[in-house]
Amino acid sequence: MAAPLPRLARPVSLSEEVFRTLEGRIRSGEFPPGGRLPTEKQLAERFGVSRAVVREAVSRLKADAYVETRQGAGAYVTAQPGNQSFRLEAAGGARGEIAQVFELRLLAEVGAAELAARRRTGKDLQDLRREWRRMEAALQGGADGVAADDAFHRAIAAATHNEQIHRFMEFLGSRFSETRHPTWADATLARAAQKEHGRILAAIEAGDPRAARAAATAHLRNAARRLGLDLEGGK
């Protein structure tokens, strides 16, 4: 009888690789507390990746309290890198843990979409449309739209104009990049998700909080189902 095949390791995204490398250099003291990280452009050139990938990695560093960003000045290592009171388990954990974090997302992101519909500005709508178009281009070109997907949800949080919500949603978004890969690996699933994104965007554009809430709720429940999770039944 043939030996069982080993379980294949899940591929690590480019943003995850950049994050881990920068995290290691911060921990080693190469980037000391108070020190400034290289610019987004410099990091993109050094790692040979797009600036969107670097942006996602730095967002993760910020969410994990390794760096803080200063308007127009870049990212600086915090006084106590990585010292934070709240941390979610990685998305690759047990199904029950993933379902629980999806429930947390449901509570947070639905409210964010509703608030964004009330408070969004013209600039917010430009940002949301830009990320929606990036996802659409990725879908049409058969490319990976995970980074744009993450950015779309961060833009919704930014449109609430509540810094605490924005920071919390940045944290959630960085942890959920991995869960979006299965959707973007399947064109049919990606198209369904993109239609849901379009409904959320349309509701926020219309300034309709109830519609935004309903669209965000449907999107997150469907996203969970795409991973084989049933939030209704708590499984």
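Values in this text are rule-based calculations from the coordinates and carry no lab data. Computed from a predicted structure; not experimentally measured. Virtual Cβ from ideal backbone geometry, glycine too; neighbours counted across all protein chains shown.
Here are the numbers for the structure shown:
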{"item": "Förster radius 25 Å - calculated FRET efficiency between Phe47 and Arg70 (Cβ-Cβ, nearest 0.05)", "result": "0.65"}
{"item": "Gained length - Ala218 relative to Ala137, 0.36 nm times residue gap less alpha-carbon distance", "result": "26.8 nm"}
{"item": "Kyte-Doolittle mean at least 0.5 and Cα axial length at least 15 Å: DSSP H helices in the chain", "result": "146-158"}
{"item": "Distance histogram for the range 14-77 (every C-alpha pair counted, 5 angstrom bins, percent rounded to whole numbers)", "result": "4, 20, 33, 29, 13, 1"}
{"item": "log10 of Debye I(q)/I(0), alpha-carbon scatterers only, for the chain at 0.13, 0.18 Å⁻¹", "result": "-0.82, -1.48"}
{"item": "Kirkwood Rh and Cα Rg combined as Rg over Rh, evaluated for the range 118-177", "result": "1.01"}
{"item": "Prolate/oblate/rounded call for the range 95-226, Cα gyration tensor, a/c under 1.5 rounded", "result": "oblate"}
{"item": "Gain in span if fully extended, Arg225 to Arg118, counting 0.36 nm per residue against the direct Cα distance", "result": "35.7 nm"}
